[in-house]
Structure formats: structure tokens, C-alpha cells
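A.B. asks: Got a structure here, written out as C-alpha cells. Questions coming.
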């Protein structure tokens, strides 16, 4: 099974009218570091030639670009793209608590996506410093893991104590599920 086939199992069909904010699209360029030209080329092949942080772009085109990255470079790059996302997400001034940030992730996600159903991030507390995040977004597992780890580091000052791990007992897009679940402790 090639890398492209693995990716196909991870994303779900997205309505062609769904859109993503440019700040999120630029994350793929930032994550590719010295290979930014490749990222820009992959975006251009999918009709995204001018990147502006506050413009809206077709989500299916961005997902197709992630598909190409997974196929050409691999899932570790998808993880790095996901790690760029929390820097682009809007959170209210003064929010510094990781628990609050995890609860607000779905609102931040909705602020940078619009149109048809684009899925959700749902956080449930399991303890005073632990919880479970269920992602039903169209993004691959490695991307979501990068988002959650970077978000945790952004909002938890002692990030050495933060652990984000896939919940192997739950459905997973890598195994054909409609969602992925992660255990977060800090």
C-alpha cells in the first residue's frame, strides 16, 4: 500500500463549497521549510497561486495539496503542517489555560473554515488535567496530532508534561473510521 492510498483512507469527502482561510493554507508553505517552492507548486497545480492570509480558498483544493504532500513527502510533513496551525488560530486575548484552549478549539477551527459541514473538534474532560479530543475534520490523523501538540505547547507553560497520544481503542481515519480520538494529559 503506497503513501497515497494511506491518505485516501484518512480523509472524507468535503463539499466543493467548503473554504479555508488563507492563513491555514500558508501553513503548508511554512512547514516545508527549504522546500517551500515545492509547496507553492503543489498549491498552484490546484489553482491556488496567490496566497493571502485573509482570503478564502477551496478546502478541497487544500486537502488535495495535503494528499500530494503525503504521497510525495510522507506523513511527518503533514504533522509539521498541523503544527503550524495554532499560530494561525484566533483565541481570545488573555486565554492562557490549556483546558480552555482545548474546549475552544472547535470555535477556532470554525473561524478559519466556512461553507458546508467541515467536521468538528470535540473535547471532553476526563480528569482535572486530562481529556479526550475527537476530531471529525477532513484532515489526516498526523495533521490533527500536529495541531493538538502545538496547541498544547502554546497554552501549557510546562509543555514537557503534556502528552497527546492517539486513542488506539477508538475509531481512526487510518483504519477507515470517520474520526480520530486523542488522549491529552498535562
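The values are calculated or read from the model by the stated rules, or taken from the named source; none is laboratory data. As the structure is a prediction and not an experimental result, all values here were calculated from the model. All Cβ positions, even for glycine, are placed from backbone atoms using ideal geometry, and neighbour counts span all protein chains on display.
A.B. asks: Restricting to segment 18-31, name every residue that is assigned to a helix (DSSP H, G or I) and either over 17 Å from the mean Cα position of the chain (by Cα) or within 12 Å of residue 63 (Cβ to Cβ) (or both). Lay out the reasoning, then the answer.
C.D. replies: Kept after step one, since they are assigned to a helix (DSSP H, G or I), are these residues of segment 18-31: 22-31.
Correct list: 24, 25, 28.
Listed here are the residues, each with its yes/no results for (1) farther than 23 Å from residue 63 by Cα; (2) modelled with pLDDT of 95 or more.
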position	(1), (2)
108	no, no
115	no, no
122	no, yes
127	yes, yes
135	no, yes
142	no, no
152	yes, no
157	yes, no
165	yes, yes
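A.B. asks: Let me ask something else. Return the pair list, or none, for Cβ contacts closer than 8 Å from residues in segment 170-182 that are in contact (Cβ under 8 Å) with a residue 12 or more places away in the chain and on the phi > 0 side of the Ramachandran plot to residues that are crowded, with 16+ Cβ neighbours inside 10 Å and assigned to a strand (DSSP E or B), at least 6 apart or on different chains.
C.D. replies: none
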